[in-house]
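Some notes on the structure that comes next.
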Amino acid sequence: MKILVLNSGSSSLKYEVFDLENLNVLARGIVEKIGEEGSFLRYRVNLAQRVIEETKNLVIPDHDIALKNVLNVLLDGKHGVIRDKSEVVAIGHRVVHGGETFHSTAIIDGKVIDTIRENINLAPLHNPPNLKGIEVARRIFTEALQVAVFDTAFHHSIPRKAFIYAIPLEMYQKHKIRRYGFHGTSHAYVAEKTSEYMGKPLEDLSLITVHLGNGASMAAVKNGKCVDTSMGMTPLEGLVMGTRSGDIDPALPFYMAGQLGMSYDAIENLLNRECGLRGLCGTNDMRAVVKMSKGGNEKAKLALDIYCYRIKKYIGAYTAILGGVDAIVFTAGIGENSPDVRSLSCSDLGYLGIEIDEEKNISSSGEIREISTAASRVKILVVPTNEELKIAIETKKAYARISGNR
Ligand code: AMP
């Protein structure tokens, strides 16, 4: 029996197949450029003796055809991982926005779909393609249990004082304008892994989790519950990101409109796609930023400084609200792979008991590792994230809960 995890974007469909028993990954892949010129399916299959990686150029006009092609590859007589689609007993869907309704993983039925649809205004770019993924999966895998795992769910425990903005309260009560937070699946996963690594129950730990991918966010986790996070109503708030500004003076858009004559769309596009590292130094790839900075490029150096300064500022803020920290946990593309970012973000924090060991920091591995000095009161850890595995774990739990009743 297998679990399929789907992450459906506007023009892409990412998938991963897990063995239900041991959650080993059997296959993964991505369909890209759905509905565009040059669509393709790239996949990797882990067979007993070898790994097969292939790319197929295909005409893929929509998500329906995309998932049918994924199924064909999974069923492929030569190196498929299933013999019949009924082997896929459960499908876990990544859904970006669960609004205020979904506090945990949901087994999908018509009502859940309606509620995800109602939350589209909160995530107009993400929820529609996520829904599309659910709809096509329900059509193609009619027997499988369909499960939604929400990016926002882990943050439901944030208290009101941290999630309500200081704008008229009706804005929250009537229009649901509040902090929701994102990357919850990743923050939850690395927090659990940290607890295992430290050999202490999550309930006894205070953690700051730092997810630095192309999008970036931090979370303050106390006794296993998220108490604050840096992303807000949308994923634009908080840290400096690849192409997003993160925190700015909320009056800047009025200045841009009033004084610079920019349209609403142009401002939205600028803040989401032309800011962050890209706006500061021309690229959103942290590898290039670090390289350029080391090569003496002043803009890249400034971008790196601003990026890490913001992380440090949130470490200070979250240390204060947590009343002390047991570990700071770096994860995702940049968090796992950039010693420069980790070093700058944690520099000169000795007075908070945070001391990075530069030698350990530069060593690399795909495993959990400790990069703080022996004397550091706060552990600094690098914990590889795995959102697909976390979705598979949640899906397996949901399947186990209901399989007795099926
Ligand atoms: P993610 O969204 O988690 O896939 O992370 C994407 C980001 O990770 C991109 O900005 C990459 O430049 C960054 N990244 C990946 N490898 C490295 C590395 N070795 N050093 C610095 N940044 C990296």
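The values are calculated or read from the model by the stated rules, or taken from the named source; none is laboratory data. It should be emphasised that the depicted structure is a prediction, and the values quoted were computed from it without experimental measurement. Here the Cβ is made from the backbone with ideal geometry for all residues, glycine too, and neighbour counts use every protein chain on show. For accessibility, only protein heavy atoms count, side chains too; no ligands or nucleic acids. Shrake-Rupley method; radii C 1.70, N 1.55, O 1.52, S 1.80 Å.
Only residues that are of a type outside the set (A, V, I, L, M, F, W, C) and outside any loop (DSSP other than H, G, I, E, B) were counted in the range 68-88, giving 6.
Results for (1) away from the ligand (no atom under 13 Å from the Cβ); (2) of a type outside the set (Ser, Thr, Tyr), shown as yes or no for each residue.
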residue: ALA327; (1), (2): yes, yes
residue: THR331; (1), (2): no, no
residue: GLY335; (1), (2): no, yes
residue: SER338; (1), (2): no, no
residue: SER347; (1), (2): yes, no
residue: TYR351; (1), (2): yes, no
residue: ARG369; (1), (2): yes, yes
residue: PRO384; (1), (2): no, yes
residue: THR395; (1), (2): yes, no
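Scanning the range 54-64 for residues that are in a loop (DSSP other than H, G, I, E, B) and open to solvent by 70 Å² or more (accessible area, probe 1.4 Å) turns up VAL59, PRO61. Out of all the residues in the range 212-229, which are open to solvent by less than 10 Å² (accessible area, probe 1.4 Å) and either touching a Lys or Arg at 6+ places or on another chain (Cβ under 9 Å) or farther than 19 Å from ALA123 by Cα (or both)? Result: LEU212, ALA216, MET218, ALA219, ALA220, VAL221, CYS226, THR229.
Test each condition in (1) farther than 22 Å from HIS175 by Cβ; (2) touching a residue at least 40 places away in the same chain (Cβ under 8 Å); (3) away from the ligand (no atom under 16 Å from the Cβ) for ALA219 and report the one that comes out false. Checking ALA219 against (1) farther than 22 Å from HIS175 by Cβ; (2) touching a residue at least 40 places away in the same chain (Cβ under 8 Å); (3) away from the ligand (no atom under 16 Å from the Cβ), the one that fails is (3).
Condition check for LEU389 on (1) in contact with a Lys or Arg (Cβ under 9 Å, 6 or more places away or on another chain); (2) open to solvent by 30 Å² or more (accessible area, probe 1.4 Å): one failure, at (1). When each of LEU47, LEU41, LEU23, LEU67 is tested for being surrounded by fewer than 19 Cβ atoms within 10 Å (Cβ to Cβ) and touching a helix residue (DSSP H, G or I) at 6+ places or on another chain (Cβ under 7 Å), the lone residue that passes is LEU23.
Reported count of residues in the range 85-104, each being touching an Asp or Glu at 6+ places or on another chain (Cβ under 9 Å) and over 18 Å from ARG160 (Cα atoms), is 10. Of the residues making up the range 316-330, those that are part of a helix (DSSP H, G or I) and among the small types (Gly, Ala, Ser) are GLY316, ALA317, ALA320. Being surrounded by fewer than 18 Cβ atoms within 10 Å (Cβ to Cβ) and within 20 Å of THR385 (Cα to Cα) is the filter here, so list the residues in the range 341-359 that pass it. If the condition is that a residue be surrounded by fewer than 18 Cβ atoms within 10 Å (Cβ to Cβ) and within 20 Å of THR385 (Cα to Cα), then SER343 is the only one that fits. Taking the criterion of being in contact with a helix residue (DSSP H, G or I) (Cβ under 8 Å, 6 or more places away or on another chain), among the aliphatic types (A, V, I, L, M) and not in a loop (DSSP other than H, G, I, E, B), the residues of the range 230-262 that qualify are MET256, ALA257. Residues that are in a loop (DSSP other than H, G, I, E, B) and closer than 21 Å to ILE306 by Cα within the range 331-364 comprise SER338, SER347, ASP348, LEU349, GLU355, listed in sequence order.
Out of the residues in the range 70-87 that are in contact with a helix residue (DSSP H, G or I) (Cβ under 8 Å, 6 or more places away or on another chain) and of a type in the set (Val, Ile, Thr), state the one that is least open to solvent (accessible area, probe 1.4 Å). The extreme case among them is ILE82.
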